[in-house]
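Novice: Quick one: structure below, then a few questions.
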Amino acid sequence: MTAISHAERSHALLAPSGAHRWLICTPSARLEATLPDTTSEAAQKGTLAHEIAELKLRKHFVEPIGPRKFANALKKFKENPLFEPEMDAHTTMYLEYVQAIVHGFSSPPYVTIERRVDLSAYVPESSGTSDCIVIGGKQLHVIDYKNGQGVPVPAENNPQMMLYALGALQAYSMLYEIETVHMSIVQPKVWEQPSEWSIPAAELLAWGESIKPIAAKAFAGEGEYKVGEHCGFCRARDTCRARVEQLLSVEQYAPMKPPLISWDEVGEVLRRAEGIVSWYKSLKEAALAEALRGGEVPGWKAVEGRGSRQYADLDAAFAHLQANGIDEALLYERKPLTPAAVEKAIGKKQYRELLEESGLVVKQPGAPTLVPIDDGRQAISDQVTPEQAFGGQ
């Protein structure tokens, strides 16, 4: 099996994964390129999960891997300190989804795994790696696995998926007649079912033509900085002047005459302030890192935080306590796992079969919370008092 190395996964300046950002804020890609590309534990876990997913798909569709070789390769992944048991179950869900698509064709379709696609016909010097591509019966399927849980990623009008699909059309349109493109995102930690979206190939190609001038502007680093939800994963999000000035700006509220702002104004204030708390925390962490590197942040300094106590040797400490008359029962506490923790420990399938379907776990409605109007959840229609909403009498 030939896995895609970390170096081979390196991103172009205008990477498909950042298209939702540079298609809106065109100078952001060049700005990000001036900053260090850091990684997180969540990203490293995502890479590990992708490698497991790739192993499983290659075994079934590309390379005849024997049971012993497959078991050894999977065992090696499971020995990684970042491995989580749910990765095995989730990547199997991904495999089963791809299998269902492949088996849905009347004759065996073409399947390729971790296919590098050239996007330079639409985006300067750009390419990307598509997790899985399936072609048959005038249909093109582009399937992506995502390990994250913090941000739901839908397939509909997803520019990353659309760029992968354009690359696949570019690569295979001479070999296969393709009329419809299907895009799917398997994100087991968020969606119980994969997010799916389809578009005629002609419409996708037209979209590709429409973004050419935007991509050219982004490649040149031209255009205006635009602030929005797309800033979330931008490397410049903490110190981007446009974002900071928008977060802290109060100019638009200057004309307010009444002593109390209206509910219309409350809605706008909440929208503008939405990112201030998380931005402040992230900026403070960046400033701490700068101070620890020996840099200077005027008015601030790095100090040692409150320490914590740890046993030098847990077994020896407890043995010493018991030898001196301390009852062992005082040293331990037994707590049941929450339903969410049990689900993570035994897997979604067993959890659902053993607990939810038997009625041993019931879902309680959450407390009301205020979210932007474009949030996918249904609004509370019945009128309730704050006391009723938050458990009061």
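Values in this text are rule-based calculations from the coordinates and carry no lab data. Keep in mind that what you see is a predicted model, and the values were worked out from it rather than measured. In this analysis, Cβ positions are derived from the backbone assuming ideal geometry, glycine residues included, and neighbour counts consider all displayed protein chains.
Novice: For the chain, list the DSSP H helices whose alpha carbon atoms reach 20 Å or more along the long axis and whose average Kyte-Doolittle value is -0.5 or above?
Specialist: What comes out of the filter, once short or polar helices are dropped, is 85-103, 201-220, 276-292.
Novice: For the stretch 321-350, state which GluC sites (Glu not before Pro) are in a DSSP loop and have at most 11 other beta carbons lying within 10 Å of their beta carbon.
Specialist: Passing sites in the stretch 321-350 are E333.
Novice: Hey, another quick one. What shape does the stretch 16-220 take by its C-alpha gyration tensor, where a ≥ b ≥ c are the square roots of the eigenvalues and a/c under 1.5 counts as rounded, a/b above b/c as prolate, and the rest as oblate?
Specialist: Because a/c hits 1.5 or more and a/b fails to exceed b/c, the stretch 16-220 counts as oblate.
Novice: Taking the Cα centre as origin and putting +1 on Lys and Arg beta-carbons and -1 on Asp and Glu beta-carbons, what dipole magnitude results for the chain, to the nearest 20 debye?
Specialist: Computed charge dipole of the chain: roughly 680 debye.
Novice: Report the far tail of the P(r) of the chain, meaning the percent of Cα-Cα pairs longer than 35 Å.
Specialist: Counting pairs separated by more than 35 Å, the tail of P(r) holds 45 percent.
Novice: While we're here: Going through the stretch 83-157, which trypsin sites (Lys or Arg not before Pro) have at most 15 other Cβ atoms within 10 Å and a DSSP loop state?
Specialist: K138
Novice: Can I ask one more? Exceeding 32 Å between C-alpha atoms, which entries from my cross-link table qualify? They are K78/K212; K76/K212; K212/K284; K69/K348.
Specialist: The answer is K78/K212; K76/K212; K212/K284.
Novice: I need the Debye-formula profile for the stretch 1-126: one equal scatterer per C-alpha, no solvent, reported as log10 I(q)/I(0) at q = 0.09, 0.10, 0.12, 0.18 1/Å, two decimals.
Specialist: -0.36, -0.44, -0.62, -1.12
Novice: Compute from the Cα atoms of the stretch 311-353 the Rg and the Dmax, the latter being the longest Cα-Cα distance, and quote both in angstrom.
Specialist: Here Rg and the maximum Cα pair distance are 17.0, 48 Å.
Novice: Sticking with this structure for a sec: Calculate the spin-label point distance for R30 paired with E179, positioning each point 7 Å from the Cα along the beta-carbon direction, and give it in nanometres.
Specialist: 4.4 nm
Novice: If you restrict to DSSP beta bridges whose two residues both lie in the chain, what percentage is antiparallel, to the nearest 5?
Specialist: Bridges in the chain that DSSP calls antiparallel: roughly 75 percent.
Novice: For the chain, what does the relative contact order come out to in percent, with C-alpha contacts under 8 Å and a separation of six or more?
Specialist: Relative contact order, the chain: 17 percent.
Novice: Rounded, prolate or oblate: which fits the stretch 105-242 when a ≥ b ≥ c are the square roots of the eigenvalues of the alpha-carbon gyration tensor, with rounded for a/c under 1.5 and prolate only if a/b beats b/c?
Specialist: Cα axes put the stretch 105-242 in the oblate bin.
Novice: What is the magnitude of the charge dipole of the stretch 16-220 about its Cα centre, with +1 placed on the Cβ of each Lys and Arg, -1 on the Cβ of each Asp and Glu, and no other charges, expressed in debye to the nearest 20?
Specialist: In debye, rounded to 20, the stretch 16-220 gives about 420.
Novice: Could you pull out the trypsin sites (Lys or Arg not before Pro) across the stretch 304-378 that fall in loop regions by DSSP (anything but H, G, I, E, B) with no more than 10 other Cβ atoms inside 10 Å?
Specialist: Qualifying residues, ordered by number: R306, R309, R334, K363, R377.
Novice: Using the charge dipole of the chain (Lys, Arg: +1 at Cβ; Asp, Glu: -1 at Cβ; taken about the Cα centre), state which of F61, V190, I380 has its Cα farthest towards the positive end.
Specialist: Checked the options; the winner is F61.
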